[in-house]
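Report on the following structure.
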Amino acid sequence: MNLPDSKHRLRGRLLTALLFAAGVAAGSADTPTLKDAYQKHFPVGVAVNRSIVSGTPSFRRSAELVSSDRALTQTQFNQITAENDMKWQLIHPREGADGYDFGPADAFVSFGLGNRMEIVGHTLVWHSQTPNWVFAGTNPPPVVTNAPPVAAAGTNALGTNRVGRGPGPAFGGGFGRYDGPRASREELLQRMRDHIHTVVGRYKGKVKVWDVVNEALSDGATTNVLRSSLWSEIIGPDFVAKAFQFAHEADPDAILRYNDYGLENPVKRRKLATLIRELQAQKVPVHAIGSQAHLNVATSFETMDQALTEMKTLGLPIHITELDVNSAQGGQRGTGADVAANAATTQGGLVSDADRKLADAYAGVFRAFVKHRDCVKLVTFWGVNDAVSWRANGSPLLFDGNNHPKPAFESVVGVGTADPPKLP
Ligand code: GLA
């Protein structure tokens, strides 16, 4: 990925100075920005919402706060990911060639290009936030009984691993997922191909990196590599390979990522290795591993160091794609990304001495990223500040709701500007 040139850096410094004068930016004009602190190592990005891109107020942010969020994004980061606007549910809500709503995604891409940021597309194939029509057809759904289900090799058993993602019955993932008559394998493959060709084709040459498949791996102790989803049940386990092939056809120059959460967990990591090795053996164009890294304050340098050391053996660049560090007491047991379970992970108030623990955890994981800078090629935060985070109650980011830097900001900048250790 390209690093910003000096003119761009100067612009960043000026913006920082202006924001500092207005009392809304990080530290002082002398404190390096995140993107400058890491310019020798990797770009530092952020997931942005529609308000930030368009500059319009929302139910949770006034016009003044939105312009401060937007300025902070421009000042601190040199890569952006759309938090929601490229998900199937939003970009392609209805069937057919007229079923696309490109406006918000177009605005996101223009914002990135206008600010000379790298742009990541998120996400093409996912079991969550996908409309029901995608899976609907005329084949009766399988009858789920209490008898032990029969699973295809390499996939989860039918009827397991269903609880999870998705905001409710209208979407194809998680509990309440679509359970009506289904499309055939051929129909669903055709819809997937059309969607990927249209979306990737539209932003060809502008969006350099795509999350092609999101969260296909199973959780927990099951030995099945893939979770059971409407994608895996209707198409079969090769839906993953097909998605990558379609994306590669649509833009042969794009970097295609497999993205998942919980890769700090050795059991999930073994499943990742199995999946990636299988794809590589079949010459599927998978170019990078996206590790979401929804962490908690108990995550240490050692945990991240171990995770990166092992993931590196797959021979692919690693992108940290959705970084946040949950400080809520309820979020200290796992590193999942489950939307349905999210409320529980942000309950119980903050852990004691939360600011300091957050700063220490961020310092530890960034030390690991820098140690493995030969393979860590991008780090993206999942949100600009605590107020707009999906885990707002867990105060997981570097800036508070007024965009004031927290101690964690200083510790991350400190790691970036220190002399890096020798490469392992
Ligand atoms: C996952 C997805 C993201 C987002 C977060 C929660 O990690 O990949 O798009 O939905 O969950 O906000």
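The table below lists the values:
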{"quantity": "Residues that are in contact with a strand residue (DSSP E or B) (Cβ under 8 Å, 6 or more places away or on another chain), closer than 21 Å to D101 by Cβ and surrounded by 16 or more Cβ atoms within 10 Å (Cβ to Cβ), drawn from segment 175-211", "calculated": "Y178, M192, H195, I196, V199, V200, Y203, V207, W210, D211"}
{"quantity": "Tabulated pairs, segment 283-305, first among the polar types (S, T, N, Q), second in a loop (DSSP other than H, G, I, E, B), C-beta under 6 angstrom, 6+ apart or interchain", "calculated": "S291/L263; Q292/Y261; Q292/A337; N296/Q332; T303/E264"}
{"quantity": "Residue check for M86: within 16 Å of the ligand (Cβ to nearest atom), crowded, with 17+ Cβ neighbours inside 10 Å and in contact (Cβ under 8 Å) with a residue 60 or more places away in the chain", "calculated": "yes"}
{"quantity": "Within segment 343-353, considering residues that are surrounded by fewer than 19 Cβ atoms within 10 Å (Cβ to Cβ) and assigned to a helix (DSSP H, G or I), the one nearest to the chain's Cα centre (by Cα)", "calculated": "A343"}
{"quantity": "Test: A328 is at pLDDT below 95, surrounded by fewer than 19 Cβ atoms within 10 Å (Cβ to Cβ) and in contact with a helix residue (DSSP H, G or I) (Cβ under 6 Å, 6 or more places away or on another chain)", "calculated": "no"}
{"quantity": "Residue satisfying all of: in segment 26-65; over 16 Å from D386 (Cα atoms) and free of Cβ contacts under 8 Å to residues at least 12 places away in the same chain; surrounded by the most Cβ atoms within 10 Å (Cβ to Cβ) among these", "calculated": "P57"}
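Okay, residues lined up against (1) within 21 Å of the chain's Cα centre (by Cα); (2) more than 16 Å from the ligand (Cβ to nearest atom); (3) surrounded by 24 or more Cβ atoms within 10 Å (Cβ to Cβ); (4) within 30 Å of S300 (Cβ to Cβ):
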residue: G220; (1), (2), (3), (4): yes, yes, no, yes
residue: T223; (1), (2), (3), (4): no, yes, no, yes
residue: R227; (1), (2), (3), (4): yes, no, yes, yes
residue: A243; (1), (2), (3), (4): yes, no, yes, no
residue: H248; (1), (2), (3), (4): yes, yes, no, no
residue: D251; (1), (2), (3), (4): yes, yes, no, no
residue: I255; (1), (2), (3), (4): yes, yes, no, yes
residue: R269; (1), (2), (3), (4): yes, yes, no, yes
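The values are calculated or read from the model by the stated rules, or taken from the named source; none is laboratory data. Quick caveat, the model's predicted, so the values are computed rather than measured. Don't worry about glycine lacking a Cβ; one is built from the backbone with ideal geometry, like all the others, and counts go over all protein chains shown.
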